[in-house]
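The values are calculated or read from the model by the stated rules, or taken from the named source; none is laboratory data. If you're wondering where the values come from, they're calculated on a predicted model, not measured in any experiment. Positions of Cβ are backbone-derived with ideal geometry, glycine not excepted, and every protein chain shown enters the neighbour counts.
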Amino acid sequence: MGFDHTSVMPAEILAYQKLKPGDICVDGTLGGAGHARSTLKAILPGGRLIGIDQDPDAISHARAVLHPFKQHIILAHDNFSNLPAILDQHAIDRVNAIVLDLGFSLNQITRAQRGFSFNRDEPLDMRMDTTQNMTADIIVNTFSQEDLIDLFFSFGEEKFSRRIAKAIVRERSTHPFKTTRQLTEIIVDAIPGSQAAGSKIHPATRIFQALRIAVNRELDHLTRFMEQVPDLLVKGGRVCIISFHSLEDRIVKQRLKTFEAGCTCPKTLPQCVCHKKPVMRSLVKKPVTPTPAEVAANPMARSARLRVAERL
């Protein structure tokens, strides 16, 4: 199965990692292995890369394209939120750098037949990890109308979530949902024409985002990972996270802010009693965005936002 090797903000990621030969690094979202390849070149000789992906296709691809570096890599079919257990398994205490690219790969959209795109007619699946049980068609066909409303509003920030959920429940009573095209048509019909015409994005964009997040528990995994970050890095170690929508970026931003602040005592207290100290510092005041040239060459990068922090 062919994979696209294009990485988002590769030069920026490589520069911010501040790598040197002998470093131990993590690529928590291997994808096409673009970031992994450049990281490996920077940490050899003597370095090691732990490559993680929940998509078994990505692991198989990485094993093939990174074969020349096989003595220096550990590959894990897992989610990056389980990084502490993966490191324990290989007797690694802390690492020098961690990279997460939270977008899905071009392979998953165009070749995997998993229903990530509303522009293609595919099974309503949306699993990044094809070994898990939950799929998008289960959500669409079995969740209550109220649960669908909440999901579309919370994960998709869709203002027409109520209308869309009602239309889905009505349709599935006679025609259970099986394909992305069937779902897309119902979404488009449920949104007022004037609203759809004035929008810069396709009417189904937010619903597909919400379903993908729910199927893969993306925000849960990211939240769990962020809570553990300081304990995974050596002093001076860095984490680089590329997010693609506001829900992800908000989790990263708020957790890094907490790590930078240290003290968690209420401001009403006259003095600190928690004695927590800052454990990280952000290296960018605002998220780094791709250059116009990169967006022109890779339109999938247009919404990418990179945040970088260093362990104190």
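For Q132, state whether it is part of a loop (DSSP other than H, G, I, E, B) and at negative phi.
Details: part of a loop (DSSP other than H, G, I, E, B): yes; at negative phi: yes.
When the stated conditions are applied, Q132 passes them.
Contact annotation: residue pairs with Cβ atoms under 7 Å, 6 or more positions apart or on different chains, pairing a residue in region 112-136 that is in the same structural domain as E185 (by TED's automatic domain parsing) and closer than 13 Å to F177 by Cβ with a partner that is hydrophobic (A, V, I, L, M, F, W, C) and surrounded by fewer than 20 Cβ atoms within 10 Å (Cβ to Cβ), are L124/F177. Annotation note: of T142, T179, T131, T184, the sole residue that is more than 20 Å from H245 (Cβ to Cβ) and touching a His at 6+ places or on another chain (Cβ under 9 Å) is T131.
Residues of region 63-91 being assigned to a loop (DSSP other than H, G, I, E, B), at pLDDT 95 or above and buried (at least 16 other Cβ atoms within 10 Å of the Cβ), which ones? Steps first, please.
Here is the first cut: in region 63-91, the residues assigned to a loop (DSSP other than H, G, I, E, B) are 66, 78-79, 90-91.
Retained after the next criterion (residues that are at pLDDT 95 or above): 78-79, 90-91.
Selection gives D78, N79.
Put simply, of R238, R224, R255, R212 the only residue that is under 24 Å from S154 (Cβ atoms), touching a Phe, Trp or Tyr at 6+ places or on another chain (Cβ under 7 Å) and either of a type outside the set (A, V, I, L, M, F, W, C) or modelled with pLDDT of 90 or more (or both) is R212.
The conditions of being modelled with pLDDT of 95 or more and assigned by TED's automatic domain parsing to the domain that holds D23 are not met by I59.
Conditions (1) modelled with pLDDT under 95; (2) buried (at least 17 other Cβ atoms within 10 Å of the Cβ); (3) assigned to a strand (DSSP E or B), marked per residue:
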position	(1), (2), (3)
F153	no, yes, no
R170	no, no, no
S194	yes, no, no
D220	no, no, no
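Scanning region 172-192 for residues that are surrounded by 14 or more Cβ atoms within 10 Å (Cβ to Cβ) and either among the polar types (S, T, N, Q) or over 19 Å from M126 (Cα atoms) (or both) yields T179, T180, Q182, T184, V188, D189, A190, I191. Would you please name the residue that is nearest to the chain's Cα centre (by Cα), looking only at residues in region 92-118 that are among the aliphatic types (A, V, I, L, M) and modelled with pLDDT of 85 or more? Here the answer is L102.
So that you can scan it fast, the table gives a plain yes or no per residue for (1) in the same structural domain as L87 (by TED's automatic domain parsing); (2) in contact (Cβ under 8 Å) with a residue 24 or more places away in the chain; (3) within 22 Å of M9 (Cα to Cα); (4) surrounded by fewer than 16 Cβ atoms within 10 Å (Cβ to Cβ):
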{"position": "M226", "(1), (2), (3), (4)": "yes, yes, yes, no"}
{"position": "P230", "(1), (2), (3), (4)": "yes, yes, no, no"}
{"position": "K235", "(1), (2), (3), (4)": "yes, yes, no, yes"}
{"position": "S246", "(1), (2), (3), (4)": "yes, yes, yes, yes"}
{"position": "C265", "(1), (2), (3), (4)": "yes, no, no, yes"}
{"position": "P270", "(1), (2), (3), (4)": "yes, no, no, yes"}
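Taking region 246-288 as the range and being outside any loop (DSSP other than H, G, I, E, B) and of a type in the set (V, I, T) as the test, the residues that pass are I251, V252, T258, V288.
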